[in-house]
Amino acid sequence: MKIKYFIIISLFILSCKSVNVKTDLPKTNTKVNYYENGIIKSVGNIDDFFLKDYSFRIGLWTEFYENGVIKESGNYKLGTYIQCCTSGLCDGYYSYKIGEWFYNYKNGKLKAKGSYRIGEKNIKTSCEGGDEINFGFVTDDWEFYDIDGNKIEPTKNDIIEIEKSSYLNEWNMRNE
């Protein structure tokens, strides 16, 4: 009888094995930046791979005004583009805004909200002709408001302001 239990237990132990699960999800760290007065300036997730030199934003990110009111909030994704380096072609990295975002005025009233339409945009790089990156465009579905909270038609400058903030390159995210 003991031999029967020994064989069953041995088979059970030998059949158990650990499994490594590979995932495309990046490892992240939460980063909090502060104003000199101690108020939180921004909080969000950064890619763990570049942690030493850069703070590439991924996932949820929120920025605040110095008075503590949320300035903007939404999600980032990490992208790459081609640079021409002394040793040949190399990757440049950037974070771009995806999905729904909202922006507020300093008084806490909603300034704009909407979902970015991801398309391609050519940027200057060290290579001739630059490279295409994923870029968040403002669509007709976005809603804009004046400082009192009244819905308005956006000006060209309102749209440009939102779109130019839709990506951050490695120079914008160097660790200080």
- [ ] Scan the range 63-89 for residues that are surrounded by 14 or more Cβ atoms within 10 Å (Cβ to Cβ), of a type in the set (Ser, Thr, Tyr) and within 15 Å of the chain's Cα centre (by Cα) and jot them down.
- [x] SER73, TYR76
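State all residues of the range 87-114 that are of a type in the set (Gly, Ala, Ser) and more than 14 Å from GLU72 (Cβ to Cβ); if no residue qualifies, say none. Outline the logic, then answer.
Step one: list which residues in the range 87-114 are of a type in the set (Gly, Ala, Ser), which gives 87-88, 92, 95, 99, 108, 112, 114.
Listed by number, the residues that qualify are SER87, GLY88, GLY92.
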TODO: Select from the range 109-161 the residues that are under 30 Å from ILE82 (Cβ atoms), of a type in the set (A, V, I, L, M, F, W, C) and assigned to a strand (DSSP E or B) and list them in ascending order.
DONE: ILE118, ILE123, ILE133, PHE135, PHE137
TODO: Out of TYR96, TYR105, TYR116, report the one residue that is in contact (Cβ under 8 Å) with a residue 60 or more places away in the chain and under 30 Å from LYS151 (Cα atoms).
DONE: TYR96
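In the set ASN29, ASN37, ASN45, ASN20, which member is modelled with pLDDT under 95 and in contact with a helix residue (DSSP H, G or I) (Cβ under 9 Å, 6 or more places away or on another chain)? Give the steps one after another, and end with the answer.
On the way: ASN37 fails: in contact with a helix residue (DSSP H, G or I) (Cβ under 9 Å, 6 or more places away or on another chain); ASN45 fails: in contact with a helix residue (DSSP H, G or I) (Cβ under 9 Å, 6 or more places away or on another chain); ASN20 fails: in contact with a helix residue (DSSP H, G or I) (Cβ under 9 Å, 6 or more places away or on another chain).
None of the other options fit; the residue is ASN29.
Inspect all residues belonging to the range 42-56 and state whether any of them is basic (Lys, Arg), over 20 Å from LYS121 (Cβ atoms), surrounded by fewer than 16 Cβ atoms within 10 Å (Cβ to Cβ) and under 19 Å from the mean Cα position of the chain (by Cα).
Within the range 42-56, one or more residues are basic (Lys, Arg), over 20 Å from LYS121 (Cβ atoms), surrounded by fewer than 16 Cβ atoms within 10 Å (Cβ to Cβ) and under 19 Å from the mean Cα position of the chain (by Cα).
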- [ ] Give the range 48-81 a look and list any residue that's closer than 11 Å to TYR94 by Cα and outside any loop (DSSP other than H, G, I, E, B), or say none.
- [x] TYR54, ARG57, ILE58, TYR76, LYS77, LEU78, GLY79, THR80, TYR81
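From GLY136, GLY108, GLY92, grab the single residue that is out of contact with any helix residue (DSSP H, G or I) (no Cβ under 6 Å at 6 or more places or on another chain) and modelled with pLDDT of 95 or more.
Working: GLY136 fails: modelled with pLDDT of 95 or more; GLY92 fails: modelled with pLDDT of 95 or more.
From the options GLY136, GLY108, GLY92, the qualifying one is GLY108.
The values are calculated or read from the model by the stated rules, or taken from the named source; none is laboratory data. Since we're looking at a predicted model, the values are computed, not measured. Cβ: placed from backbone, ideal geometry, glycine included. Neighbour counts: every protein chain shown.
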